[in-house]
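Asks: Can you read through this structure? Questions will come right after.
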2 protein chains.
Amino acid sequence: MERTKEQLMDLMMKRMKEQIKNKKYKMTSQRQVVLRAFVESDSRHLSADDVFEIVKKQAPEIGLATVYRTLDLFTEMDLLKKLDFDDGCSRYELNDHDEEGHYHHHLICLGCGKVWECKDDLLETLETILQKQFHFQTVDHQLKVYGYCEDCQKKRAAEAAKEAEEAAETTVQ
Amino acid sequence: MERTKEQLMDLMMKRMKEQIKNKKYKMTSQRQVVLRAFVESDSRHLSADDVFEIVKKQAPEIGLATVYRTLDLFTEMDLLKKLDFDDGCSRYELNDHDEEGHYHHHLICLGCGKVWECKDDLLETLETILQKQFHFQTVDHQLKVYGYCEDCQKKRAAEAAKEAEEAAETTVQ
DNA sequence: ATGAATGCAAATTCTTTGCATGGCT
DNA sequence: AGCCATGCAAAGAATTTGCATTCAT
């Protein structure tokens, strides 16, 4: 069950390399260093600037813009998850989805802003459980559900069909 | 069950006036106009700039800064709820919590960005229900829970006690 | 009359972009 | 070689702040 940081780094690197092969991306030292920042860091939720500060130690010449671009890319690659804790900047966490579909939730303290995590084995009477397990006094919650509405599902299906068709033509040629 | 816009406006105005009495706030025409923007608007989730554009028609001299300050104030007063749909700005909605504790959730389409609302009668197998009721294909969700951690609960309790004490002293004098 | 609220403009903060240069593949 | 990725600086966008003035109480 336990996994060392090296093993995690290897796993994430493997996942990055898979995607780099498929798509037209390149492996760069900057990208490795950014990924490592997340694996090594003790704090789970890093902002672009947090990452920048960490990464400058290993690669002093790196630019903040590169960090932003890398975070975007990793999010698109599903290596990271973009989060928002209402603290004025986007934060990111490693997306190591070991158990499929097991999200975790974020408890944000209105007093000190600290963020706690809780597994989602339980979407039962949420607040009762938060109270019991975390002694967290819930004031409010906001659930955001991301996905595709009916229209966009159709659009995407149509696009996928068209792409498949084009791919087939290319192969024939 | 149905409520006209005038009734809603009256209700919200009443709630504002209550708070203005208690605290040291003042009733201004700008604040009324901003509140009205939310009551009258057909779109439920307004950004600061949306509000600014609406409100300029009624009060052309108003400043964007005032809109921001008013939105903050209303949020603090619990008249509005601050939302975040990942579209680069904060949005606000009327907080008319008729049925206590009945939140609603936001479905954000990854394709077109449209936002849907669903009542929270049901925090059962979420995705199944979203699929059935909204034909919404869930890809991911993010639940944010706001409240107070154990430490802050203690701090707040202590502060409340101190304030009560001071108030008592003042009364005695 | 007093202090809170406003409008305006400048300042901040986070993030993105343009472009010349460097570095994977 | 080709072209993606980088660094830097400038641009953008959302939000906040300072300050003189206005306005509610």
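Asks: How about residue B:162: which lysines have a C-alpha closer than 16 Å to its C-alpha, ignoring those fewer than 8 places off in the same chain?
Replies: In chain and number order, the partners are B:154.
Asks: Separate question: Please report, for residue A:26, the nm distances (one decimal) from its label point, 7 Å out from Cα along the beta-carbon direction, to the equivalent points in the remaining copies, shortest first.
Replies: Distances between equivalent label points, in nm: 6.1.
Asks: List the residues whose amide H sits under 5 Å from the amide H of residue A:46, counting only those 5 or more places along or on another chain, with H placed 1.01 Å from N in the peptide plane.
Replies: A:92
Asks: State to the nearest 20 debye the size of the charge dipole of the stretch B:11-66 about its Cα centre, where the only charges are +1 on K and R beta carbons and -1 on D and E beta carbons. Don't skip to the end; give the middle numbers.
Replies: Working: 12 positive and 7 negative charges, 113 e Å.
Dipole of the stretch B:11-66, to the nearest 20 debye: 540 debye.
Asks: Also: Out of residues 5 or more away from residue B:146 or on other chains, whose amide H comes under 5 Å of its own, with H placed 1.01 Å from N in the peptide plane?
Replies: A:108, A:139, A:140, A:141, A:142
Asks: For the rotation taking B to A, I'd like to know which residue in chain B has the C-beta closest to the axis, plus that distance in Å.
Replies: Residue and rounded Å distance to the axis: B:143, 2.
Asks: Next question, about the same structure. Can you give the local net charge around residue B:152? Use residues other than it whose beta-carbon is closer than 13 angstrom to its beta-carbon, Lys and Arg +1, Asp and Glu -1.
Replies: Once all neighbours under 13 Å are counted, the net charge is +1.
Asks: Let's see if you can work this out: charge +1 on each Lys and Arg Cβ, -1 on each Asp and Glu Cβ, no other charges. What is the dipole magnitude of the stretch B:1-98 about its Cα centre, in debye to the nearest 20? Can you show the working numbers first?
Replies: Working: 18 positive and 19 negative charges, 136 e Å.
Roughly 660 debye, rounded to the nearest 20.
Asks: On to the next question. When a/c is below 1.5 the answer is rounded, else prolate if a/b is larger than b/c, else oblate, so apply that to the stretch A:1-98 with a ≥ b ≥ c taken from the square roots of the Cα gyration tensor eigenvalues. All intermediate terms of the calculation are to be shown ahead of the outcome.
Replies: Numbers: a/c = 1.33, a/b = 1.13, b/c = 1.17.
In terms of gyration-tensor shape, rounded.
Asks: Output, in nm with one decimal and in ascending order, the distances from the residue B:154 label point to the matching label points of the other copies (7 Å from Cα along Cα-to-Cβ).
Replies: 5.9
Asks: May I pose another question? What's the carbon and sulfur percent of the stretch A:25-103's accessible surface, probe 1.4 angstrom, rounded to a whole number?
Replies: Working: 1930 of 4230 Å².
Accessible surface attributable to carbon and sulfur in the stretch A:25-103 totals 46 percent.
Asks: Could you report the buried accessible area between A and B, both sides summed, computed with a 1.4 Å probe and given in Å² to the nearest 100? All intermediate terms of the calculation are to be shown ahead of the outcome.
Replies: Working: alone 12720 and 12730 Å², together 21130 Å².
Buried area between the two chains comes out at roughly 4300 Å².
Asks: Using a label point 7 Å beyond Cα on the Cα-Cβ vector, give me the inter-copy distances for residue A:68 in nanometres, one decimal, shortest first.
Replies: 1.8
The values are calculated or read from the model by the stated rules, or taken from the named source; none is laboratory data. Predicted model only: the values in this text are computed from it and were never measured. Using ideal geometry, Cβ is built from the backbone for each residue, glycine included, and neighbour counts are taken over all protein chains shown. Areas reflect the complete protein model, heavy atoms only, side chains present, ligands, DNA and RNA absent. Shrake-Rupley method; radii C 1.70, N 1.55, O 1.52, S 1.80 Å.
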